[in-house]
Amino acid sequence: MESLKVLIPTDFSVQAEYAYLMVKKLEEKIPVEIHFIHVLGVPDTVTMDKNGNIQTCGEISVDYVVSQKLIAERNLNNLKAVYGNDIQVHLELGKLTDKIVAYAQHQMFDLIVMGTKGAWGLKEKLSGSETQMIARQSTVPLLSLMCDRSDLIIENILLVHDFSQPKKENMSLLHKLIKAFNAKVHLLMITKDTTDSNSKTIYANMEEFATLNGILNFDKHVLGDSDVENGVIHYNQMHEMDIIYIGTHGKGGLFHSSIAEKLINHIFKPIISFHLKS
């Protein structure tokens, strides 16, 4: 049976616990190798060798870093005490988002799972949540959630996409979920033009997209709305989906708008974001 190698970044908050409970829900149907990672935020001048010895260039006290490292190690060991020795724990030093992205990609994880508090208003415009930043940078798919979804039953996956130019995307994770949960995929495109002729074209493109990406059990939906974010929210109000699956070009930020990042910050439904091919 296929399995998932999953990375859970943790700051030892309740959001990280939500992520773990979500992974355990996945584990009910598919074998999961669970890894926790904690990143100790320190300047680039602080390094740790393979034996765990700390070195700095004087910007920050070695003793201080060592004390914070010991606290983090105790907290990681407590996770093993609570969740069992089957989980693996890792400690890294550096910038939070950069370390998580690099570690996930280098160690070839299938999925990153993160609880998030979301972000709204000025905070979102200036910095956004760490989860949003990781979705932007990581080529490893990210599953984000804002609350405890341990009661989740995965039967319907909403795949939000622009089907104007159908092509083959990286859908390996989606196929694992479909196979494990026998889930149905709902292809959704939000558009301002819902005329019969345009809808007919979109439906044909959806069929081509499904064929190119090996999706067999699916429905097709076109919804008229002012923008994609509102369209997804409104669609979910009308049709209860279990997980939202959406691609990103990784170009979010102050001057670019990423729908995936907006949904991560604003919607309570579990969301899987993945990088689209250029």
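Take VAL66 and tell me if it is over 27 Å from ILE272 (Cα atoms) and in contact (Cβ under 8 Å) with a residue 12 or more places away in the chain.
yes
Among the residues of the stretch 84-94, write down those that are over 16 Å from VAL39 (Cβ atoms) and buried (at least 16 other Cβ atoms within 10 Å of the Cβ).
ILE87 - this is the single residue of the stretch 84-94 that is over 16 Å from VAL39 (Cβ atoms) and buried (at least 16 other Cβ atoms within 10 Å of the Cβ).
Would you point out the residue of the stretch 185-203, among those that are open to solvent by less than 60 Å² (accessible area, probe 1.4 Å) and not polar (S, T, N, Q), that is farthest from GLU28 (Cα to Cα)?
Checked the stretch 185-203; the qualifying residue farthest from GLU28 (Cα to Cα) is ILE202.
What pairs come up if the first residue lies in the stretch 219-239 and is in contact (Cβ under 8 Å) with a residue 60 or more places away in the chain, the second is assigned to a helix (DSSP H, G or I), and their beta carbons are under 9 Å apart, counting only those six or more places apart or on different chains?
As it stands, the answer is VAL228/ILE259; VAL228/LYS262; VAL228/LEU263; VAL232/ILE259; VAL232/LEU263, since those pairs meet every condition given.
Return a yes/no flag: does the stretch 114-132 have any residue that is open to solvent by 50 Å² or more (accessible area, probe 1.4 Å), in a loop (DSSP other than H, G, I, E, B) and at pLDDT 85 or above.
No, because not a single residue in the stretch 114-132 is open to solvent by 50 Å² or more (accessible area, probe 1.4 Å), in a loop (DSSP other than H, G, I, E, B) and at pLDDT 85 or above.
Among the candidates HIS186, HIS175, HIS161, which residue alone is more than 23 Å from GLU229 (Cβ to Cβ) and not aliphatic (A, V, I, L, M)?
HIS175
So which residues in the stretch 76-109 are basic (Lys, Arg) and either part of a helix (DSSP H, G or I) or touching a Leu at 6+ places or on another chain (Cβ under 8 Å) (or both), if there are any at all?
Selection gives LYS80, LYS99.
Kindly provide the set of residues from the stretch 142-177 that are touching a His at 6+ places or on another chain (Cβ under 8 Å) and surrounded by 19 or more Cβ atoms within 10 Å (Cβ to Cβ), ordered by number.
Those that are touching a His at 6+ places or on another chain (Cβ under 8 Å) and surrounded by 19 or more Cβ atoms within 10 Å (Cβ to Cβ): ILE157, LEU158, LEU159.
For the stretch 12-48, how many residues meet the condition of being open to solvent by less than 60 Å² (accessible area, probe 1.4 Å), small (Gly, Ala, Ser) and part of a loop (DSSP other than H, G, I, E, B)?
Total satisfying the criteria: 1.
Residues checked against (1) closer than 25 Å to TYR18 by Cβ; (2) out of contact with any Lys or Arg (no Cβ under 6 Å at 6 or more places or on another chain):
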position	(1), (2)
ILE153	yes, yes
LEU187	no, no
ILE190	no, yes
THR194	no, yes
PHE209	no, yes
ILE215	no, yes
ASN230	no, yes
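Does the stretch 159-190 hold any residues that are more than 23 Å from SER3 (Cβ to Cβ) and under 15 Å from the mean Cα position of the chain (by Cα), and which are they?
Hit for the stretch 159-190 is VAL160, nothing else.
Checking the structure you have, find out if any residue of the stretch 54-64 is touching a helix residue (DSSP H, G or I) at 6+ places or on another chain (Cβ under 9 Å) and outside any loop (DSSP other than H, G, I, E, B).
Checking the stretch 54-64: at least one residue is touching a helix residue (DSSP H, G or I) at 6+ places or on another chain (Cβ under 9 Å) and outside any loop (DSSP other than H, G, I, E, B).
How many of the residues making up the stretch 1-11 are open to solvent by less than 20 Å² (accessible area, probe 1.4 Å) and hydroxyl-bearing (Ser, Thr, Tyr)?
Counting residues in the stretch 1-11 that are open to solvent by less than 20 Å² (accessible area, probe 1.4 Å) and hydroxyl-bearing (Ser, Thr, Tyr) gives 1.
The values are calculated or read from the model by the stated rules, or taken from the named source; none is laboratory data. What you are looking at is a predicted structure, and each value in this text was computed from that prediction instead of being measured. Positions of Cβ are backbone-derived with ideal geometry, glycine not excepted, and every protein chain shown enters the neighbour counts. To get the accessible areas, we keep the full protein, side chains included, count just its heavy atoms, and leave off ligands, DNA and RNA. Shrake-Rupley method; radii C 1.70, N 1.55, O 1.52, S 1.80 Å.
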